[in-house]
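Notes for the one structure printed next.
The values are calculated or read from the model by the stated rules, or taken from the named source; none is laboratory data. Predicted, not measured: the structure shown is a model, and the values here were computed from it. We place every Cβ from the backbone using ideal geometry, glycine too, and count neighbours over all the protein chains shown.
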Amino acid sequence: MTIREALRLSGRSGSILLKWKVTKVEENLRQRVGLPKRLATGGAQIQPAAHTDSEGITVLTVSRQDVEKGRLENYLREFNKYEKKRLRGKVTLIFDGYEQDPREIYQIREITHWVDRLLKNVPYLFYFLSRENYSMRIAFFCLSEVVGRSGAEVSITKEQGRRLIEKVAKSAVVYARKLKESEEVQLALAEGILDELGYGQTLH
């Protein structure tokens with residue numbers, strides 16, 4: 001069996017909902033996100049990844065001082081622990097010390113540099129990031145070229161956003177395969193990342 005990404009627009013929120021089905025798929029998309037060619041599903045429909053329950057979430061608090069000093073070592077050690085525990089979708093990043101700063105996290109240059117360095121050291125970062133508290137989205141915006149904002153809506157260039165989403169999704173899926181996660185888990189992982197980061201919006 002193969003899979004296809006079916007996109008559906010939500011009329012009220014304008015958000016993109018991604019639904020994966022066991023049917024024909026765009027081969028190039030599967031290759032771009034590193035999904036296996038065939039799924040041993042027995043014909044069953046793959047269920048989309050649900051939002052991670054708030055219970056069991058691991059909060060990694062990053063201090064302002066460490067951000068400004070560019071310190072990563074302690075946090076890389078934490079991710080080494082997460083690797084051993086396989087905390088897939090269970091890690092939330094919190095940047096401490098910026099409560100009085102009127103800017104959004106992704107507008108603070110030292111934070112975006114810090115997140116960029118973290119991704120270079122942990123390329124499968126999005127394997128771990130939780131969808132709780134918009135942690136995955138915030139990290140994504142820190143890595144993106146934000147070109148505008150209207151209320152809660154953040155704008156990035158579609159081409160750059162599409163490439164970045166494919167990159168982080170593929171790295172997460174390749175890492176899951178290295179851990180010998182099931183093909184169903186790899187698929188749900190990719191779907192969750194594409195959904196949370198609004199991949200469908202980069203296609204139109």
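A few points about this structure:
- Within segment 55-78, residues that are touching a residue at least 60 places away in the same chain (Cβ under 8 Å) and among the β-branched types (V, I, T) have Cβ atoms under 7 Å from residues that are surrounded by fewer than 16 Cβ atoms within 10 Å (Cβ to Cβ) and assigned to a strand (DSSP E or B) in no pair, counting only partners at least 6 apart in sequence or on another chain.
- Restricting attention to segment 110-140, the residues that are in contact with a helix residue (DSSP H, G or I) (Cβ under 8 Å, 6 or more places away or on another chain) and at pLDDT below 90 add up to 1.
- All positions within segment 105-135 that are touching an Asp or Glu at 6+ places or on another chain (Cβ under 7 Å) and either closer than 15 Å to T92 by Cα or hydroxyl-bearing (S, T, Y) (or both): R131
- Cβ pairs under 6 Å, 6+ apart, first in segment 165-192 and more than 12 Å from F128 (Cα to Cα), second of a type in the set (S, T, Y): I165/Y199
- When segment 162-177 is filtered for residues that are of a type in the set (K, R) and farther than 18 Å from L118 by Cα, the ones remaining, listed by number, are R162, R163, R177.
- Residue tally, condition surrounded by 12 or more Cβ atoms within 10 Å (Cβ to Cβ) and small (G, A, S), over segment 64-96: 1
- Single match in Y124, Y75 (criterion: of a type outside the set (K, R), within 17 Å of the chain's Cα centre (by Cα) and on the phi < 0 side of the Ramachandran plot): Y124
- Segment 154-203: number of residues that are among the hydroxyl-bearing types (S, T, Y) and part of a helix (DSSP H, G or I): 4
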